[in-house]
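A short reminder: the numbers here are calculations on the coordinates, not readings from a lab. Because the structure is a prediction, the values reported are computed rather than measured. A quick note on method: Cβ atoms are made from the backbone with ideal geometry, for glycine too, and the neighbour counts reach across all protein chains shown.
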Amino acid sequence: MDFGKIIERIKAILTTPRTEWPVAAAEPASVQGLYAGYIAIVAALPIIAGFIKGSLIGAGAFGITVRTPIGMGIVGMVLHYVLALAIVYVVALVINALAPTFGGQKDMVQALKTVAYSWTASWIAGIAVIVPWLGWLIAIAGAIYAIYLLYLGLPHTMKCPPEKAGGYTAVSVIIAIVLSWIVGAIVVGVIGTAAMTGASMGGMHVTGSNGDSVTVDSNSALGKLAAIGQRAEQAGKELDAAQKSGDSAAQSAAMGKMMGAMSGADGTVEALAPDQIKAFLPDSLSNLKRNSLSAERNSAMGMQISQASAGYAADNGQHITLEVSDTGGAKGFMSLAAAMAPEEEKQTEHGYEKTYSADGNLVHEEWDTQSKYGEYSVVVGKRFTVKANGNVDSIDQLKQAVASVDLAKLESLKNAGVKSN
C-alpha cells in the first residue's frame, strides 16, 4: 500500500481537479485495487474522527460532558465503516446504471473511481468533526465540494456530455443522500444516540418500461436537490468560461456562484455582521445576569456563518448559554433540512427529546429531569438558529430564554445580505 500515492491523489483531486480527473480516468484499475489502495484508507478517516469525538472527547458544556461508551462507540465505528464501504459500491452501481440515460458509457471500475475520488472532499472534511464549533461548517463545505468534484468528474470517467453532467450529478447526489441516511439510521439504532429515522424524501417517480425516466416533484425535498443540480450545471459553465479567460476576479465570482448553487441558495449570501447579530442577545434572562458575550463571523469556501453567544448565571448556580447563529451561505441546506426533518419524540429514563414544527419553524428540545439540564432550539426563517441550553429548574426557562430574542425581527432578515447572481 503506497501511502505517498494516496496523499498525492488526495492533494491533486482537491486542489487541481480539472487536470487530475483525466489522469485518474485514464489509469488502469480494478475494483479490488481501488478499495485496497484508496477507499478503505480514506473512508476510514472521518469515521475514526467521529469515534474520537463521540467516545473520547465527548460533547457538552459547563463541565457536563456526554460520551458514547467506548464499547458501543467501537461497535458503532466498525458498523459504520463496513456500511460506508458498502454504500460506496452501491452508489457506484447506481452511477454506472444511469450512465446511458445521461449519454455516458457504462464501466463499473470508472463508476467506482467517480465515487471514490469525488467523495474524497467529504471524507477529508469529515475529520473536522473534532473541531469545536466550526467542525460542522467545514463538513458542509466538504460535502459541497464533493458534489462539485462529482460534476467535474462524470464527463471524464463515465464519458457523459458535459451539458448533461448537472442532471447526472443531481440524481446521483439524491440517491447517495438517501442511502447515507439509511446507513446513519442503522448506526444510530445500534449505538442508541440521536434518532435519524423518519425523514421524508418523497417526490420521486420512476416511469417507463425500463425504469429509465425519472421525474421529481419540484416542491419536494428531492425536487429541491434536483434544482440545485440544474443551477450547478449553469454555474459550472460560467466557471469554465471564467477559468479560460484567465480573469482572477471573474474566477472568484464564478466560484462563489458555484458554491451558492451547490448550497441551494439563490445567490451568494453575506452573513450578518458580528455586532448586528450580537444585538439580539439580551442583557439578562429574568434573575440570570449576563456574564459573557462574544460574536464572530467566519467563512469557508465562499460561505459565511455568524454566531453570537452569551452566558447567563444566577447566585443559585443556575446558568444558561444563549446562542444566535446565521448560517449565511449555507441557508439553502437549512431549507432542505427543514423540509426533510422528521417530527419525532423519544422518551428516556429521566427525560425526553423531540423535534417538531411550530409556526413554520423547526424546533428541537430535550430535557433531563435528573441533571436538570436541557436544550431548546428553533430554526427561524430557514436560515437562523436560536439555541438555549443549561442547568435550570425546567425546560420552560430555556423556552423563555429563546423567546427573549426578537424572533420576528430575526426572521425579517432572512434575505439580508443575499446577492442574486
Of V378, V402, G417, which is farthest on the positive side of the dipole of the range 377-421, counting Cα position, with +1 on Lys and Arg Cβ, -1 on Asp and Glu Cβ, and the Cα centre as origin? G417
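So how do 378-389, 32-43 stack up, highest first, on mean other-Cβ count within 10 Å?
On the way: 378-389: 23.1, 32-43: 17.2.
Per-residue mean Cβ counts within 10 Å order the peptides as 378-389, 32-43.
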Could the peptides 98-111, 283-296 be put in order, highest first, of the mean number of other beta-carbon atoms found within 10 Å of their residues? 98-111, 283-296
Length released on extending from A26 to D247, taking residue separation times 0.36 nm less the Cα-Cα span: 76.6 nm
Point-to-point label distance, V90-S292, nm (Cα→Cβ direction, 7 Å offset): 4.2
Looking at the range 356-421, what % of the alpha carbon pairs are farther apart than 13 Å? 64
FRET efficiency (D283, S371; Cβ distance; R0 25 Å; to 0.05) is 0.35
Roughly how big is the range 347-394's charge dipole about its Cα centre, with Cβ charges of +1 (Lys, Arg) and -1 (Asp, Glu), in debye to the nearest 20? 320
